[in-house]
Amino acid sequence: MLVRFFFRVICVFLLMSQGTVFSEPPAKRIEITDLAGETQTPLTVADRKASVLFFLLPDCPVSNAYAPEIKRISAEYARQNIASFVIYVDPALDPAGAKKHAADFGYETPLICDTSLQLVEATGVTIAPEVAVMSPQGKRLYRGRIDNLYAGLGKRRPQATQHDLRAALDAILSGKPVAHETTTAIGCFIEKRTPKAIRSK
Amino acid sequence: MSSRRTSSPRIECRRTGCRILKMILAAAIHVAVSRTSLLAEVTFSKEIAPIVFANCTACHRPGEGAPFSLQTYADVKKRGELIGEVIASRQMPPWKAAAGDISFQNERRLSADQIHLFAQWIEAGMPEGDPAHLPPLPQFTAGWSLGEPDLIVTMPASFTVPADGPDIYRNFVVPLGLKTDRWVKAIDFRPRARSVVHHSLFFFESNGLARTLDEEDPQTGFKGGMGAMMRLRGGPPVLAADAAEEEATPSTGPQNGNGLNPLENIGKAKPATFGTLGGWALGARPQPLPEGLAYRLPAGSDLILATHFHPSGKTEEEASTVGIYFANEPITRRFTAIQLPTAFGAFKNIDIPPGKAEYVIEDSFALPVAVQAFGVGAHAHYLGKSMTMTATLPSGETRVLLSIPDWDFAWQEQYRFAEYLSLPQGTVLRSRITYDNSVDNPRNPSDPPVRVRFGEESTNEMGAVTLMVVAANESLMPQLLDGYRNHFRQSLLQTPLFRLFNLKK
């Protein structure tokens with residue numbers, strides 16, 4: 001306990017002395033195989049203007065309700081050279097379950113099961129649905145909600161009135177800074193301590 | 001919860017610094033020890049499973065409307081933190097009524113202790129405990145929960161619910177083929193696409209008008225909403241009590257009568273070609289009317305399902321199946337609805353300025369005879385914020401019959417009292433409805449807010465709390481209905497709308 005505390009103090013001290021504590025270091029390049037068997041580097045897509053990672057949980061109603069908007073955004077921005085990935089963040093979800101969900105909801109972007117939650121960790125997302133937008137060099141340009149359709153759990157607006165993800169992508173495409181680099185997403189928590197072996201029916 | 005005593009460790013001190021340290025240390029140890037002794041006792045098997053099984057599993061199981069199952073330790077642990085949040089905010093279990101003075105049937109509400117217990121369990125790392133302590137999983141009747149219905153019908157064609165977009169209100173016509181009048185005790189409802197069907201209100205219509213509306217609309221069914229209901233009724237409703245020859249009762253759904261232009265019909269006995277038959281909401285068990293009461297269903301009626309859909313992210317096909325339970329003998333006891341304000345607030349001159357965070361309408365009615373109340377419901381649209389109905393007894397005592405502190409249009413529920421509630425003659429019923437037309441109301445359909453007035457569309461507002469009653473004695477029923485009609489007339493006379501109509505004539 002005490003050792004860990006001192007360790008933390010030293011870490012903070014070191015970080016502060018380097019002056020890097022407040023700037024987002026570029027994410028490391030992560031190679032991961034998608035459900036079609038292709039190798040992907042979703043945090044660093046070199047030949048595109050940016051990449052969008054949609055973090056989803058297949059049994060979260062809020063996450064599912066966004067499917068049509070996610071598909072529209074993926075399709076519209078693919079034409080402007082922005083890559084999209086659907087990332088499933090339920091460690092207990094097997095590839096067959098993920099494929100079925102994607103087929104049911106009609107996702108056509110590359111599908112990734114982030115079983116070890118390494119992409120979750122690298123981007124800092126905590127909620128499904130939540131998105132991260134990465135530069136080709138792996139700098140996180142935006143993290144947060146897709147739009148403000150939900151004002152809270154169980155509080156769905158008739159329609160969204162702020163389209164944060166689209167605004168961020170439009171800013172990136174026109175070379176401007178993203179107005180809000182992070183926003184608060186509403187949805188289901190990504191549970192980090194899920195026991196691996198247990199599967200429920 | 002046991003409170004084991006913890007003895008503080010012995011540390012000898014002379015200096016103040018040391019004494020403070022000792023105090024801190026003692027406190028820390030005390031907290032640590034008492035916390036572990038407390039937390040060690042909360043386990044899934046013993047404390048949490050009974051709460052979940054009794055309050056969540058009815059909806060959260062395979063084949064039901066909720067998004068995932070909550071039947072096992074793994075199911076619950078997997079979403080532990082989310083569950084902690086939705087129960088602390090009382091979003092789950094869905095039950096909009098606050099704890100009032102009267103208890104309801106099938107009440108779904110967790111006590112503060114239960115919510116606290118859950119929080120403790122999460123903090124302790126969600127231990128499973130000894131599975132031997134696990135209570136049995138609740139058994140739910142497979143099939144129709146009230147037994148085999150007397151009549152089972154299904155929508156003749158299915159309706160396509162799009163993947164997204166605003167909520168949908170749609171009416172469907174289901175022919176029943178009844179040769180004689182029947183009395184309906186209960187209706188059970190089975191949606192096919194459970195994830196999108198939120199609630200459905202049932203009506204009958206025996207003039208073939210609904211069929212015409214259905215045929216005029218290229219898709220299955222026809223557009224929901226008050227306008228359609230007015231056409232079905234063959235004109236505006238007069239009194240809640242008249243709407244179906246006084247024995248049927250309006251529920252509080254959006255498709256119910258709003259009393260627009262009620263002048264022509266006032267006092268006229270209406271032929272019952274249209275009326276309500278109750279309703280179904282996600283997670284609700286079918287609730288038969290109290291013993292001896294039933295809805296009249298005329299020969300040749302079509303059943304109308306006024307269904308509310310929530311798009312789920314995926315296109316769905318809905319074809320609901322309905323099971324109807326008839327009473328064997330003709331029903332002699334009538335019941336009625338006392339709706340306050342009358343006509344869903346049509347005479348309250350509702351006119352809510354943009355930005356107004358609390359706009360209030362109220363109404364009151366003194367009971368002309370003693371009644372027995374068996375249910376209560378409320379209705380408003382998206383700006384509705386809170387509703388209450390109270391009863392002030394002749395003794396001066398006031399009881400809260402219904403209080404909904406955080407109205408949500410999506411969860412319209414009929415609340416049935418656990419037992420008949422006797423209200424003596426002279427009891428004053430008061431209803432109060434508030435609206436929030438500010439930007440802070442996330443359900444506000446307009447951004448920025450706009451002026452909102454009374455009307456049938458969901459972007460207009462209306463509102464009422466409705467009490468379901470029988471007269472203490474059937475012979476007092478005419479007096480009760482007359483009294484309410486009189487109240488209706490009084491409300492009407494006070495409205496600017498009335499003067500408007502008068503000028504036109």
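The values are calculated or read from the model by the stated rules, or taken from the named source; none is laboratory data. Quantities reported herein were computed from a predicted structural model and do not represent experimental measurements. Ligands, DNA and RNA are stripped out before the accessible areas are found, and what is left, the full protein with its side chains, is counted by its heavy atoms. Shrake-Rupley method; radii C 1.70, N 1.55, O 1.52, S 1.80 Å.
Quick notes on this structure:
- Interface area, chains B and A: about 2600 Å² of buried accessible surface, summed, with a 1.4 Å probe and ligands, DNA and RNA left out.
- Heavy-atom accessible area, probed at 1.4 angstrom with all protein chains present, ranks B:Arg192, B:Arg90 as B:Arg192, B:Arg90, highest first.
- Residue-wise HN-Hα couplings along segment A:73-85, as the Karplus relation 6.51 cos²θ - 1.76 cosθ + 1.60 with θ = phi - 60° gives them from phi, are 5, 4, 5, 5, 8, 4, 5, 10, 6, 10, 8, 10, 9 Hz; Gly and Pro carry x.
- Beyond 21 Å in Cα-Cα separation lie the following of the pairs B:Lys96/B:Lys356; A:Lys71/A:Lys176; A:Lys192/B:Lys78; A:Lys192/B:Lys77; A:Lys49/A:Lys100; A:Lys28/A:Lys139: B:Lys96/B:Lys356; A:Lys71/A:Lys176; A:Lys49/A:Lys100.
- The heavy atoms of B:His116 present about 100 square angstrom of accessible area, all protein chains included, probe 1.4 Å.
- Amide H contacts under 5 Å for B:Ala186, placed H, 5+ residues apart: B:Tyr325
- The phi torsions of segment A:142-157, fed into the Karplus equation with coefficients 6.51, -1.76 and 1.60 and a -60° offset, translate into couplings of 7, 9, x, 7, 6, 7, 9, 3, 9, 8, x, 4, x, 10, 9, 6 Hz, rounded to whole numbers, with Gly and Pro shown as x.
- Between amide H atoms placed 1.01 Å from N, distances below 5 Å from B:Leu178 occur with B:Gly300, B:Ser301, all of them 5 or more places distant or on a separate chain.
- Computed over protein heavy atoms with a 1.4 angstrom probe, the accessible surface ordering of B:Thr315, B:Thr321, largest first, is B:Thr315, B:Thr321.
- With every protein chain in place and a 1.4 angstrom probe, the accessible-area ranking of B:Trp407, B:Trp183, largest first, reads B:Trp183, B:Trp407.
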